[in-house]
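Read the figures in this text as sums done on the coordinates, not as results from a lab. Values in this document were obtained by computation on a predicted structure and should not be read as measured data. Note that we place each Cβ from the backbone using ideal geometry, even for glycine, and neighbour counts take in every protein chain shown.
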């Protein structure tokens, strides 16, 4: 007696949908994921652990406000900006220290000073800013508040680097500026807006630009 | 009309394609790193205030660097004509915040040709409104006051909201209204009558002479005050 066996019937189309899904996913990744391809290509075949770099910007301490009016005998130091009452002829300086840290092979980064909420300076009030390095040397020329400025690009390696910068804003109330008459007069506020200190990685070369 | 439904396979493939593309685009964005910090700040401006008026009344704030104290001419002239003396106190409030001082000057007006013009009028500083009375003698003012000027607020920084109040006194004295007095006429007549007897008769009469000045015609007067603010080191 011979017994013939035949392979069991495969359910038709059982793997068809998963295959299509996988195919679609891969196609989407390939079409849109140039950068992702670079990352995987760089690390393919590597032995050991790939450690990512680091990029960080931090304010160093609270902001400091100092009166700089040259005609005032004892200008106020480290004043409370919420309590200080400026008058025409006054000059005041805001100082904010911040640190920039980079770590990583070929890490390049740029620091930008820009405004996420615009400044509002009434007529007769002006403000300019500079960024100083750790040696108190200006990295950019004096720039009107509200105008974006880019600091020199920083380059790092795996050992990393940290730079200490200082933002210095000089507020000036023109001596012939408008005065307020009485407590009922509209409030005049010199609003510096929201200053954003942005540190961004810079990459160059093919496929590096997103 | 018939409508063709996309096949199940096409739907699955398209969905997977979209998921893959989304993941990849997200991966590309994350490939560039960034970090940011934010800070904000603002400064408010202070104000100045200068107002003049009768003590205890609503003072009139200065408009454009000047204010004035109004005098009811008829009331003052009437009191002067009746009592020979009249006085009124003036309150001056000064406030200047921040690094600005305040200085002011009052100017004695031309009192005109009326009753106040005929009186001896003097304006001087007094420590309090009750020190302003008819016939009072002026007291020495503080160092911040000189003649008709004062610097009540120095240019040193202040965040005060309370004004500095100073008081002045207008004092007038009138001995008599111009042209007033007494008139007396004395007449004596002598004659000889037909019988050759000398006769004489006398008579006299008098009158009080009033002034042509009428308190009801006294115009109102105003004492102008002008003020200015000044920075530290600047002369007021």
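For the range B:78-114, the residues whose amide N sits under 20 Å from a probe point set 7 Å from the Cα of residue A:184 along the beta carbon direction are B:91-97. Label-to-label distance for residue A:95 and residue A:112 is 2.9 nm, based on points extended 7 Å past Cα in the beta-carbon direction. Each label point was placed 7 Å from the Cα along the Cα-to-Cβ direction; for residue B:70 and residue B:228 their separation is 2.9 nm. Bridge orientation summary for the range B:125-236: considering DSSP beta bridges with both residues in this region, about 100 percent are antiparallel. Note on the range B:54-94: percent of Cα-Cα distances in each 10 Å bin, starting at 0 and stopping at the bin with the largest distance, equals 24, 43, 27, 6. Here residue B:58 and residue B:192 are evaluated by their C-beta separation; at R0 = 60 Å the FRET efficiency comes out at 0.15.
Using 0.36 nm per residue and subtracting the Cα-Cα separation, the extra length available between residue B:164 and residue B:199 on full extension is 4.5 nm.
Going from the fewest other Cβ atoms within 10 Å to the most, the residues A:64, B:231 appear in the order A:64, B:231. Sorting B:48, B:130 by the number of Cβ atoms found within 10 Å of their own Cβ, with the fewest placed first, yields B:130, B:48. Backbone N atoms of the range B:47-72 closer than 15 Å to the 7 Å Cα→Cβ label point of residue B:128 belong to residues B:55-56.
Panel note: the C-alpha atoms of the range B:101-236, placed on their principal axes, show extents of 104, 26, 24 Å (largest first). The alpha carbon convex hull volume per residue for the range A:115-210 rounds to 146 Å³.
Legend: ranking of residues B:71, B:115 from fewest to most surrounding C-beta atoms inside 10 Å; resulting order B:71, B:115.
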